[in-house]
2 protein chains.
Amino acid sequence: MTKNITIHTHKISKSDRASQKNQRPCLVWFTGLSGSGKSTIAGALDERLFEGGYHGYIMDGDNVRYGLNKDLGLSNEDRRENIRRIGEMSRLFVDAGLITICAFISPFTEDRRQVRALFKAGEFIEIYIKTPLAVCEKRDPKGLYKKARRGEITNFTGMDGIYEPPQSPELVVDTATMNPDECAQIIFDYLLRHELITANRISSLPSA
Amino acid sequence: MTKNITIHTHKISKSDRASQKNQRPCLVWFTGLSGSGKSTIAGALDERLFEGGYHGYIMDGDNVRYGLNKDLGLSNEDRRENIRRIGEMSRLFVDAGLITICAFISPFTEDRRQVRALFKAGEFIEIYIKTPLAVCEKRDPKGLYKKARRGEITNFTGMDGIYEPPQSPELVVDTATMNPDECAQIIFDYLLRHELITANRISSLPSA
């Protein structure tokens, strides 16, 4: 005999998951040119959060471009779809209670606005990693600027590809005056100030 | 003066995140017909995990079909892309340390195999929610079987759409002999037995 399926009314909510993790989930969105320092600063922030016992996660080109979005190229249309999917995926990470960190060039204002629109006020924190093009090109960690100069890559952001800087980001991080750890500290302090995380919490790291 | 970017060698790893959460992250993948009870059982399992202080998250049609995959329809090609994206997204949730629960019809063996291939041995737990078509059609929680009978939906799994049952799933859950809570308990016991979670752990729920 088949028993009836009981529909459960109590579903674990975002706030349940957030209070389990003792933090307010949010999306920390880094935008900036290739080589501006997004992933490095994101890594330093993630480390700082982890050491404080917070539950975070980073998404960047390394784990998204060759996975979820491996079917997408660098046309403007594909860049838009890239950011749309990342935004939707981030919404679920935030729903799961995590302090979610995204580090993508995300060159278009409208795309970033659409990601912001998926979140409640205060949940989306746009951080402009402001680094002069000349500095990014000098660093050129992946050799992409050289390729773009040689014409081997087209529509490369900052060169022949458009970058629209944020008009009113929650934070501007100036890598010309601070090192990555200092940049991460400023963001950490922002999260504290806005009570997304709390100071002096007891670490939830297992003692075993 | 622009300071040099220091590349951090310590990156928070999957095992760091897992030990923070005191669990072994994995993907619990439910497959079965529409109306078989996947989401209900997933909800009961998630609740059980949460009560035990574990960090889990459910993905199902409700939070994926109208978000990340809202550009996809019900053609076989779109169903494949639907499952591919969910698999890639789940890989990041597992990387983030979570016990990730997916509840999707996922009718094709090959698609489920491709998701499995993204994970290490023991991390992907395929669970066949086995419910006779006649029972699913009688339940018809979303009225989809009625629509399919009237020809308003085509390629509907179990009717004119193919469903390939798993040949060697980690678990078969027979909803004809158990209610959803009993089904969830069997899965919970599987996770315990395989040491993905541990018995008698102290709840990590905040005491405040």
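The values are calculated or read from the model by the stated rules, or taken from the named source; none is laboratory data. Note that the coordinates shown come from a computational prediction; the quantities given were computed from them, not determined experimentally. No Cβ is skipped: glycine too gets one built from the backbone with ideal geometry, and neighbour counts run over all protein chains shown. Only protein heavy atoms, including side chains, enter the accessible area calculation; ligands, DNA and RNA are left aside. Shrake-Rupley method; radii C 1.70, N 1.55, O 1.52, S 1.80 Å.
In the stretch A:22-46, how many are within 20 Å of residue A:181 (Cβ to Cβ) and open to solvent by 30 Å² or more (accessible area, probe 1.4 Å)?
1
Can you pull out the residues in the stretch B:108-127 that are open to solvent by 40 Å² or more (accessible area, probe 1.4 Å) and not in a loop (DSSP other than H, G, I, E, B)?
Of everything in the stretch B:108-127, those that are open to solvent by 40 Å² or more (accessible area, probe 1.4 Å) and not in a loop (DSSP other than H, G, I, E, B) turn out to be B:109, B:110, B:113, B:114, B:116.
When only residues in the stretch B:147-184 that are within 14 Å of another protein chain (Cβ to nearest Cβ) and in contact (Cβ under 8 Å) with a residue 24 or more places away in the chain count, which is most open to solvent (accessible area, probe 1.4 Å)?
The selected residue is B:181.
Given (1) charged (D, E, K, R); (2) within 26 Å of residue A:17 (Cα to Cα); (3) at pLDDT 95 or above, identify the lone condition not met by residue A:201.
(3)
Residues checked against (1) assigned to a loop (DSSP other than H, G, I, E, B); (2) of a type in the set (Gly, Ala, Ser); (3) open to solvent by less than 10 Å² (accessible area, probe 1.4 Å):
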{"residue": "B:74", "(1), (2), (3)": "yes, no, no"}
{"residue": "B:77", "(1), (2), (3)": "no, no, no"}
{"residue": "B:83", "(1), (2), (3)": "no, no, yes"}
{"residue": "B:90", "(1), (2), (3)": "no, yes, yes"}
{"residue": "B:106", "(1), (2), (3)": "yes, yes, yes"}
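Return only the number of the condition from (1) closer than 21 Å to residue B:46 by Cβ; (2) more than 10 Å from chain A (Cβ to nearest Cβ) that residue B:100 does not satisfy.
All conditions are met except number (2).
If you go through the stretch B:128-145, how many residues are charged (D, E, K, R) and either loosely packed, with under 12 Cβ neighbours inside 10 Å or touching an Asp or Glu at 6+ places or on another chain (Cβ under 6 Å) (or both)? Let's see the steps before the verdict.
In the first step, residues of the stretch B:128-145 are kept if they are charged (D, E, K, R); the result is B:130, B:137-140, B:142.
Next, from what is left, pick out any that are either loosely packed, with under 12 Cβ neighbours inside 10 Å or touching an Asp or Glu at 6+ places or on another chain (Cβ under 6 Å) (or both): B:130, B:138, B:142.
Residues meeting the conditions: 3.
List the residue pairs whose Cβ atoms are under 6 Å apart, where the first residue sits in the stretch B:26-47 and is part of a strand (DSSP E or B), the second is among the charged types (D, E, K, R), and the two are 6 or more positions apart or on different chains.
That search, which allows pairs on different chains as well, returns B:26/B:123; B:29/B:126; B:30/B:38.
Kindly list the number of the only condition in (1) hydrophobic (A, V, I, L, M, F, W, C); (2) open to solvent by 10 Å² or more (accessible area, probe 1.4 Å); (3) more than 21 Å from residue B:57 (Cα to Cα) that fails for residue A:58.
(3)
How many residues does the stretch A:14-54 hold that are within 11 Å of chain B (Cβ to nearest Cβ) and within 29 Å of residue A:159 (Cα to Cα)?
The number of residues fulfilling the criteria is 11.
Evaluate the stretch A:127-136: report whether one residue or more is among the basic types (Lys, Arg) and over 14 Å from the mean Cα position of the chain (by Cα). Walk me through it before giving the result.
So the first thing to find is which residues in the stretch A:127-136 are among the basic types (Lys, Arg), and the list is A:130.
From the residues that got through so far, the ones that are over 14 Å from the mean Cα position of the chain (by Cα) too are A:130.
Checking the stretch A:127-136: at least one residue is among the basic types (Lys, Arg) and over 14 Å from the mean Cα position of the chain (by Cα).
Is there a residue being facing chain A (nearest Cβ under 9 Å) and hydrophobic (A, V, I, L, M, F, W, C) anywhere in the stretch B:70-80?
no
Of the residues that make up the stretch B:7-22, is at least one closer than 18 Å to residue B:186 by Cα, at pLDDT 90 or above and either in a loop (DSSP other than H, G, I, E, B) or touching a Gly at 6+ places or on another chain (Cβ under 8 Å) (or both)?
So in the stretch B:7-22, the residues closer than 18 Å to residue B:186 by Cα come out as none.
Within the stretch B:7-22, none of the residues are closer than 18 Å to residue B:186 by Cα, at pLDDT 90 or above and either in a loop (DSSP other than H, G, I, E, B) or touching a Gly at 6+ places or on another chain (Cβ under 8 Å) (or both).
Look at the stretch A:112-129 and say how many of its residues are more than 16 Å from residue A:85 (Cβ to Cβ) and in contact (Cβ under 8 Å) with a residue 12 or more places away in the chain.
Residues that pass the stated criteria total 8.
Condition first: in contact (Cβ under 8 Å) with a residue 40 or more places away in the chain and in contact with a Leu (Cβ under 6 Å, 6 or more places away or on another chain). Now tell me which residues in the stretch A:54-90 satisfy that.
If the condition is that a residue be in contact (Cβ under 8 Å) with a residue 40 or more places away in the chain and in contact with a Leu (Cβ under 6 Å, 6 or more places away or on another chain), then A:55, A:56, A:57, A:90 are the ones that fit.
Quick one: would you say residue B:144 is more than 30 Å from residue B:17 (Cβ to Cβ), out of contact with any Leu (no Cβ under 6 Å at 6 or more places or on another chain) and in contact (Cβ under 8 Å) with a residue 40 or more places away in the chain?
Yes; evaluated as a whole, the condition is true for this residue.
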